Amino acid sequence: MTRLLGISGSLRRQSFNTMLVHEAARLFDPETFEFADIRFPLYDGDLEDAEGIPPEVQKVADQIAVADAVIISCPEYNKNLSGVMKNALDWISRTEGNPWLDKPVAIMSATAGRAGGERSQNSLRLCMQPFRPLILQGPEVLVGGAQNHFDDDRRLSTESYVTFLQSLMDDLKTRT
Ligand SMILES: Cc1cc2nc3c(=O)[nH]c(=O)nc-3n(C[C@H](O)[C@H](O)[C@H](O)COP(=O)(O)O)c2cc1C
C-alpha cells in the first residue's frame, strides 16, 4: 500500500500551491493520500517549554514518518520560501526522531510571477538539508503565472505542466 502525504506552503483557501499538491496526488494515484495541516503557532521556545510539542505539529510529524513519499508545493515570497513552510519545518525538527530521514520527497511550486518559484525551491532544498530526505532533483515543476494554468475545477489545465508533473510523480513512485 502506497501512502502519500501532501504539504502546501500556503494556507489560503484558493492557493495555487494547494491545487498543485492535489493535482500531483491525483497523478501519483496512491492507495491513500493525506493533506497535512501546517497551520501551526509561530515557533516559540517558551511555548515549547511550557506546553511541549503542539498536537497539530506531532500529527504532521507522524504523518511524514508513516508516509512512503511526500510532495511539497511552496509559494515564493520575496524570492524565498514562505514563512509558513519554514515555521513548519522548524517545529517538526523539534519532535522526537527525524521523520524526514531518507524520505522520498518531490518539491514543486506555483507562483503569480513568471519564474515559477525557482528560488523558493532552492531555498526549500537548503532548509531541508539538515533532515536528510531524499529530494528528487527533477524534472523541475515550476508553474509560473499560475492564475493562467488552473481551471475552475482547480485542475492543472496546461498540458506541458501536466506532463512534467506526471514525470516527477512517476519518478517519486519508483522510490517508494
Ligand atoms: C508576501 C508575498 C511575496 C511574494 N513574492 C513573490 C515572489 O518573490 N515571486 C513570485 O513569483 N511571486 C511572489 N508573490 C506572489 C505569489 O506568487 C502569489 O501570491 C501566489 O499565488 C502565492 O501562492 P498561493 O496561490 O499558493 O497562495 C508574493 C506574494 C506575497 C503575498
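Each row is one residue, and each column tells you yes or no for (1) within 13 Å of the ligand (Cβ to nearest atom); (2) in a loop (DSSP other than H, G, I, E, B); (3) surrounded by 17 or more Cβ atoms within 10 Å (Cβ to Cβ).
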residue: 1; (1), (2), (3): no, yes, no
residue: 4; (1), (2), (3): no, no, yes
residue: 14; (1), (2), (3): yes, yes, no
residue: 18; (1), (2), (3): yes, no, yes
residue: 39; (1), (2), (3): no, yes, no
residue: 46; (1), (2), (3): no, no, no
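If you take the residues in the stretch 51-64 that are free of Cβ contacts under 8 Å to residues at least 40 places away in the same chain and in a loop (DSSP other than H, G, I, E, B), which one is nearest to the ligand (Cβ to nearest atom)?
Looking at the filtered set, the residue picked out is 54.
Being more than 16 Å from residue 88 (Cβ to Cβ) and within 16 Å of the ligand (Cβ to nearest atom) is the filter; apply it to the stretch 20-37 and report the residue that is surrounded by the most Cβ atoms within 10 Å (Cβ to Cβ). Give the derivation first.
Of all residues in the stretch 20-37, those more than 16 Å from residue 88 (Cβ to Cβ) come to 20, 22-33.
Filter once more, so that each one left must be within 16 Å of the ligand (Cβ to nearest atom): 20, 22-25.
Numbers: 20: 29, 22: 19, 23: 27, 24: 24, 25: 18.
Only one residue tops the list, namely 20.
Where a number appears in this text, it was derived from the coordinates with a stated rule and is not lab data. Just so we're clear, the structure is a prediction, and the values are computed from it rather than from any experiment. Cβ coordinates were reconstructed from backbone atoms using ideal geometry, including for glycine residues, and neighbour counts include every protein chain displayed.
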